[in-house]
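A quick write-up on the structure given underneath.
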């Protein structure tokens, strides 16, 4: 595979820095933005401190590292995992499908060069999830990494800086900074997850929870007609370059096994999937042919590739389907409609529900988190907050308990399309039923009439629900309802959700959230254009827009 | 002047309709969207009723009217005004500047062909404002027009349609429809304004108030370097084509008198200005040379051209200026900084404050509304909701009373940059101090770190504050903080704010607000692509995005 067109290189006036751990021998990657000095009216030169910001872009923006996609990223967590002495290296892949693909010579030209044939798995009788460790009182290197990362060095800032008191809406965020023990405790309580498959050691640890920075997910994925592996890898790199905290690979076309291998090996952020999609490909799209056996093999296949979390629509039950009959848009979730069709065809309960404990026992062996899918999320305002939606949510609460009993980390997916005044009820219901498991929503979109602008209709709902406590927002692109996002759409979507998530961090009063805003505003007041560009979520666009009407160099420096 | 490049023509599958009044002989313009039939699985053909939507685009989208910019739009309200027998036609312009420009032969080539030299003015001892009429119990044609317009024929719909119960946050919106008497009562209470200068008879009446549909304003305006009169008129036509309920002409370059004449004569929506900007041009930008006499002449000049509302920063007082010293971004409002400079130079109180009663007496003669400017609005999150901002707001409350005593319609301008959790306080304070005069905010932007995306950061805040009760949102374009918006930016900004305003209408539960969303969702569920495009706020973009990945004709019809 050719991998020439992958975006690399640092951000403007920025450098990668690494903050050392105090408990563990770890180095936490961040981005430091250098600022120009201020000269006051008396001619005194006053230094503006550099601003450290959360950085999801991985080694791609470290000028000292040359990423080689054929080799994959450095295995940051490999030794941490091995040091725990609770995993074994298998002799070969455990899934039939994985083995079949590995030995198919026709796929040699597509295959990742250094594909692992000896995945890790928990030793017999051992649990390897961050949730298990947290319950046992162990602060793992991953947990310390996350604590340092969430702080963005705010704990090192000496000078006083302005920040409005937040309104956390029930969140319990520490006042000054995040400690490793706080991270452990939140994971132990199930209020946060740290997705970290033992077979994805390339990932930089991150946390998803109501008492941490709001995260965003970017969906990528090929379809038969639109993309090559290279394009898909670049779309992933592009998504986390601009701020995607996780990516979901929703591929439905050919060679999704091989595409996923390339993505996981080169992804510094956790990767999520919907295994049902691939299982359906394996039965040539015939929903009625889906079976637990095929699904199970797919789970194992993906667990051993290193997928960090699975969306599993296990809460959509037979009894819920009649509740959707009078809906305006029926069942819009792809996973939901596949399972509804399966249930109605076989006259049986959802096999993901009946096998949920089996699923958890597999996931626990690799520390793959489960994201309980909302197959009945509303597809329009008219269907928002209806019995079908909340009925499923209640079932997700039941499944949350089962996941936790098996030491599987769990998050809950949410809508969808919801008018502004009905957003809070979604958060309230989720908290009431799901024992504070992190909420992960798609928007919600606050109106149906703006196709072409649904990154905005959903950013409005997303910012609001994140303020109310949603831990991660799934981005929506401007192509939503209309077509597949291209590279520009991915960027626009990521930045839009980044700003929505940040707006929520500000509203909740997360420690240091306002620091970058203050630096931007000061640069603005002092006409330090270059600093404004450097501090912007999207430096490229800010500079381009500026140069369209004021292209002179002189306008930029002072 | 050449006026070839003005956008005209109807929207896709739409026609202009005119709904007749019952009290007055009036015809209210709306847009009706035709939909395709639905064929159910049994082959039965079911008709989808056309959807009527609010239409700000004026005669430009009526296929039966050929707009001639040189002549201006039809004078819809002329006879209504004359029938009241409380105005007189003047022999000539009352302002020195207006007369000077009119007789300057060098301007002949720029001048609007049919410029009125005999403006209307209230007869001695008469009041001509909609507020005055409302207080007297008179339902004017303008008020009936507005009632019919707000309903969008929802009162004629026989079938039951889904709409969630709203959460009006203290607004008192009628349950089923808006009546002319309700319009009158709201205006009489000062809770709504109907901007309608007697010298702008071309304007289609509209209303701004908490118990009506949320409105949006689009700013346009030339600057010395960037635009011609033609470009500026087209920008105006473009803005209201896409949904601007009012436009503000913020021109600062040359020939702004002549540009404004072209805009007003061709605008079906109310036009607002900041007279201070033009007054400053008249003294060559020397703030210290500004005087009441020059300002007063400018007011009269613009009143007689037909400007419908003026932003007047009369609440920024001497005592407030010291409150801004420790701000991060000082005074960012242009009007505010001009006045602060004037106050500090002359060591005198703001002349707009000391002459506010004189101002009202002028405005009352033409029914020009006053939009009390927030010269001390915060320019960044750090400065949000501070003493300076709320101090000025309190002064605006005082001025509201004076305006009303003089039968001048009044609205209040608001911020700016405010984190989400501090937005509600702005609405609460405004309601507390300004006796329910309509609130008109600029966003607010909910973070400072996303230049290039400030239409979105402000749409988030805008949707939220509109839900809380803001009556009109001033749009922000993606060029905010970076440069001047071009035509594409204007459209993007208008649509973005249109969707934010609509999200608020939905949350408040305005009668019929969900009807278009429902129609869109049904079309989506039935894959009626053409209907989705027709129902979209931006049909062009929806179609373009769709065609990028699914260009086949076959995909569109069913």
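The values are calculated or read from the model by the stated rules, or taken from the named source; none is laboratory data. Every value quoted in this text rests on a predicted model; they were computed, and no experiment measured them. Backbone-built Cβ (ideal geometry, glycine too); neighbour counts: all protein chains shown.
With the requirement that a residue be touching a residue at least 40 places away in the same chain (Cβ under 8 Å) and more than 30 Å from residue A:138 (Cβ to Cβ), what does the range A:40-64 give you?
Step one: of the range A:40-64, the residues touching a residue at least 40 places away in the same chain (Cβ under 8 Å) are A:48-49, A:51-54, A:56-64.
Once the filter is applied, which keeps residues that are touching a residue at least 40 places away in the same chain (Cβ under 8 Å) and more than 30 Å from residue A:138 (Cβ to Cβ), the range A:40-64 yields A:48, A:49, A:51, A:60, A:61, A:63, A:64.
It is to be established whether one or more residues within the range B:466-474 are more than 24 Å from residue A:385 (Cβ to Cβ) and either free of Cβ contacts under 8 Å to residues at least 60 places away in the same chain or in contact with a helix residue (DSSP H, G or I) (Cβ under 6 Å, 6 or more places away or on another chain) (or both).
yes
Results for (1) part of a loop (DSSP other than H, G, I, E, B); (2) within 13 Å of chain B (Cβ to nearest Cβ), shown as yes or no for each residue.
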| residue | (1), (2) |
| --- | --- |
| A:143 | no, no |
| A:146 | no, no |
| A:163 | yes, yes |
| A:171 | yes, yes |
| A:175 | yes, no |
| A:181 | no, no |
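Which count do you get for residues in the range B:516-544 that are farther than 14 Å from residue B:13 by Cβ and either under 22 Å from the mean Cα position of the chain (by Cα) or more than 7 Å from chain A (Cβ to nearest Cβ) (or both)?
Selection size over the range B:516-544: 5.
Considering every residue within the range B:241-253, establish whether at least one is within 30 Å of residue B:68 (Cα to Cα), over 12 Å from the mean Cα position of the chain (by Cα) and assigned to a helix (DSSP H, G or I). Explain how you work it out, then say what you get.
Step one: list which residues in the range B:241-253 are within 30 Å of residue B:68 (Cα to Cα), which gives B:241-253.
Adding the requirement that they be over 12 Å from the mean Cα position of the chain (by Cα) leaves B:241-242, B:250-253.
Still in the list and also assigned to a helix (DSSP H, G or I): B:241-242.
The answer is yes; a qualifying residue exists.
Okay, residues lined up against (1) touching a residue at least 40 places away in the same chain (Cβ under 8 Å); (2) farther than 24 Å from residue B:526 by Cα; (3) touching a strand residue (DSSP E or B) at 6+ places or on another chain (Cβ under 7 Å):
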position: A:271; (1), (2), (3): yes, yes, yes
position: A:287; (1), (2), (3): yes, no, no
position: A:296; (1), (2), (3): yes, yes, no
position: A:323; (1), (2), (3): yes, no, no
position: A:332; (1), (2), (3): yes, no, no
position: A:340; (1), (2), (3): no, no, no
position: A:350; (1), (2), (3): no, yes, no
position: A:361; (1), (2), (3): yes, yes, no
position: A:369; (1), (2), (3): yes, yes, yes
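Which residues, taken from the range B:167-207, are buried (at least 24 other Cβ atoms within 10 Å of the Cβ) and closer than 26 Å to residue A:418 by Cα?
B:178
Answer yes or no: is there a residue in the range A:527-542 that is within 22 Å of residue A:332 (Cβ to Cβ) and in contact (Cβ under 8 Å) with a residue 40 or more places away in the chain. It would help to see each step written out before you state the result.
The first filter runs over the range A:527-542 and keeps only residues within 22 Å of residue A:332 (Cβ to Cβ), leaving none.
Among the residues of the range A:527-542, not one is within 22 Å of residue A:332 (Cβ to Cβ) and in contact (Cβ under 8 Å) with a residue 40 or more places away in the chain, which makes the answer no.
Which members of the range B:180-198 meet the condition of being in contact (Cβ under 8 Å) with a residue 40 or more places away in the chain and over 18 Å from residue B:371 (Cα atoms)?
B:180, B:181, B:183, B:184, B:185, listed by residue number.
Quick one: how many residues across the range A:94-115 are touching a helix residue (DSSP H, G or I) at 6+ places or on another chain (Cβ under 8 Å) and in a loop (DSSP other than H, G, I, E, B)?
So in the range A:94-115, the residues touching a helix residue (DSSP H, G or I) at 6+ places or on another chain (Cβ under 8 Å) come out as A:94-98, A:101, A:107, A:110-112, A:114-115.
Then keep just the ones that are in a loop (DSSP other than H, G, I, E, B); that gives A:94-95, A:110-112, A:114-115.
Residues flagged as touching a helix residue (DSSP H, G or I) at 6+ places or on another chain (Cβ under 8 Å) and in a loop (DSSP other than H, G, I, E, B) within the range A:94-115 amount to 7.
Inspect the range A:425-432 for any residue being under 20 Å from residue B:461 (Cβ atoms) and crowded, with 23+ Cβ neighbours inside 10 Å and give the result as yes or no.
At the first step, the residues of the range A:425-432 found to be under 20 Å from residue B:461 (Cβ atoms) are A:427.
Then drop every residue that is not crowded, with 23+ Cβ neighbours inside 10 Å, which leaves none.
Scanning the range A:425-432, I find no residue that is under 20 Å from residue B:461 (Cβ atoms) and crowded, with 23+ Cβ neighbours inside 10 Å, so the answer is no.
Could you grab me the full set of residues in the range B:473-515 that are within 10 Å of another protein chain (Cβ to nearest Cβ) and closer than 19 Å to residue B:546 by Cβ?
Result: B:492, B:495, B:499.
Run residue B:196 past the list (1) assigned to a loop (DSSP other than H, G, I, E, B); (2) closer than 20 Å to residue B:98 by Cβ; (3) out of contact with any strand residue (DSSP E or B) (no Cβ under 7 Å at 6 or more places or on another chain) and report the number of the one that doesn't hold.
Failing condition for residue B:196: (2).
Determine which member of the set B:276, B:344 is more than 14 Å from chain A (Cβ to nearest Cβ), without any contact (Cβ under 8 Å) to a residue 40 or more places away in the chain and part of a helix (DSSP H, G or I).
Values: B:276 fails: without any contact (Cβ under 8 Å) to a residue 40 or more places away in the chain.
Exactly one residue qualifies, and that residue is B:344.
For the range A:67-84, which residues satisfy the criterion of being in a loop (DSSP other than H, G, I, E, B) and free of Cβ contacts under 8 Å to residues at least 24 places away in the same chain? Quick ask: steps written out before the conclusion?
To start, the set of residues in the range A:67-84 that are in a loop (DSSP other than H, G, I, E, B) comprises A:67-77, A:84.
Selection gives A:68 alone.
Taking residue A:121 as meeting all but one of (1) surrounded by fewer than 18 Cβ atoms within 10 Å (Cβ to Cβ); (2) in contact with a strand residue (DSSP E or B) (Cβ under 8 Å, 6 or more places away or on another chain), write down the number of the exception.
(1)
Taking residue B:416 as the residue in question, decide whether it is out of contact with any helix residue (DSSP H, G or I) (no Cβ under 7 Å at 6 or more places or on another chain) and within 14 Å of chain A (Cβ to nearest Cβ). I'd like the intermediate steps shown before the answer.
On the way: out of contact with any helix residue (DSSP H, G or I) (no Cβ under 7 Å at 6 or more places or on another chain): yes; within 14 Å of chain A (Cβ to nearest Cβ): yes.
Yes; evaluated as a whole, the condition is true for this residue.
Within the range A:24-43, count every residue that is surrounded by 15 or more Cβ atoms within 10 Å (Cβ to Cβ) and farther than 24 Å from residue A:498 by Cα.
Taking the range A:24-43 as the starting set, the residues that turn out to be surrounded by 15 or more Cβ atoms within 10 Å (Cβ to Cβ) are A:24, A:26, A:28-36, A:38.
Narrowing the set further to residues that are farther than 24 Å from residue A:498 by Cα leaves A:24, A:26, A:36, A:38.
Summing the residues that are surrounded by 15 or more Cβ atoms within 10 Å (Cβ to Cβ) and farther than 24 Å from residue A:498 by Cα in the range A:24-43 gives 4.
Of all residues in the range A:1-22, which are surrounded by 15 or more Cβ atoms within 10 Å (Cβ to Cβ) and out of contact with any strand residue (DSSP E or B) (no Cβ under 9 Å at 6 or more places or on another chain)? Please lay out each step first, then the result.
Pass one, the range A:1-22, residues surrounded by 15 or more Cβ atoms within 10 Å (Cβ to Cβ): A:1, A:3, A:6, A:8, A:10-17, A:19, A:21.
Scanning the range A:1-22 gives A:1, A:3, A:6, A:8.
If you take the residues in the range B:44-66 that are surrounded by 13 or more Cβ atoms within 10 Å (Cβ to Cβ) and over 22 Å from the mean Cα position of the chain (by Cα), which one is nearest to residue B:213 (Cα to Cα)? If you could, list the steps in order and put the result at the bottom.
Filtering the range B:44-66 down to residues surrounded by 13 or more Cβ atoms within 10 Å (Cβ to Cβ) leaves B:48-62, B:65.
Pick out the ones that are also over 22 Å from the mean Cα position of the chain (by Cα) and you get B:48-51, B:65.
Details: B:48: 25, B:49: 23, B:50: 21, B:51: 17, B:65: 27 Å.
So, considering only residues that are surrounded by 13 or more Cβ atoms within 10 Å (Cβ to Cβ) and over 22 Å from the mean Cα position of the chain (by Cα), the one nearest to residue B:213 (Cα to Cα) is B:51.
Restricting attention to the range A:460-469, does a residue exist that is in contact with a strand residue (DSSP E or B) (Cβ under 7 Å, 6 or more places away or on another chain) and over 27 Å from residue B:477 (Cα atoms)?
Our first condition is that a residue be in contact with a strand residue (DSSP E or B) (Cβ under 7 Å, 6 or more places away or on another chain); within the range A:460-469, this holds for A:461-462, A:465-466, A:469.
The next check asks that each one be over 27 Å from residue B:477 (Cα atoms); those that pass are A:469.
Checked the range A:460-469: at least one residue is in contact with a strand residue (DSSP E or B) (Cβ under 7 Å, 6 or more places away or on another chain) and over 27 Å from residue B:477 (Cα atoms).
Go through the range A:448-470 and give me each residue that's at the interface with chain B (Cβ under 7 Å from one of its Cβ atoms) and more than 21 Å from residue A:212 (Cβ to Cβ).
If the condition is that a residue be at the interface with chain B (Cβ under 7 Å from one of its Cβ atoms) and more than 21 Å from residue A:212 (Cβ to Cβ), then A:448, A:449, A:450, A:451, A:452, A:453, A:456, A:457, A:460 are the ones that fit.
Looking at (1) surrounded by fewer than 23 Cβ atoms within 10 Å (Cβ to Cβ); (2) closer than 20 Å to residue A:526 by Cβ; (3) within 14 Å of chain A (Cβ to nearest Cβ); (4) in contact with a helix residue (DSSP H, G or I) (Cβ under 6 Å, 6 or more places away or on another chain), which one does residue B:381 not meet, given that it meets all the others?
(1)
Table: residues versus (1) surrounded by fewer than 24 Cβ atoms within 10 Å (Cβ to Cβ); (2) part of a strand (DSSP E or B); (3) on the phi > 0 side of the Ramachandran plot.
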{"residue": "A:213", "(1), (2), (3)": "no, no, no"}
{"residue": "A:219", "(1), (2), (3)": "yes, yes, no"}
{"residue": "A:222", "(1), (2), (3)": "yes, no, no"}
{"residue": "A:281", "(1), (2), (3)": "yes, no, no"}
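For residue A:316, indicate whether it is in contact (Cβ under 8 Å) with a residue 40 or more places away in the chain, assigned to a helix (DSSP H, G or I) and buried (at least 18 other Cβ atoms within 10 Å of the Cβ). Show your work before the answer.
Numbers: in contact (Cβ under 8 Å) with a residue 40 or more places away in the chain: yes; assigned to a helix (DSSP H, G or I): no; buried (at least 18 other Cβ atoms within 10 Å of the Cβ): yes.
No: the conditions fail for residue A:316.
Tell me, please, whether a residue that is within 14 Å of chain B (Cβ to nearest Cβ) and at pLDDT below 95 can be found in the range A:199-222. Even if it seems obvious, please write down each step before you answer.
The first filter runs over the range A:199-222 and keeps only residues within 14 Å of chain B (Cβ to nearest Cβ), leaving A:213-214, A:216, A:221-222.
Narrowing further to those that are at pLDDT below 95: A:221-222.
Scanning the range A:199-222, I find at least one residue that is within 14 Å of chain B (Cβ to nearest Cβ) and at pLDDT below 95, so the answer is yes.
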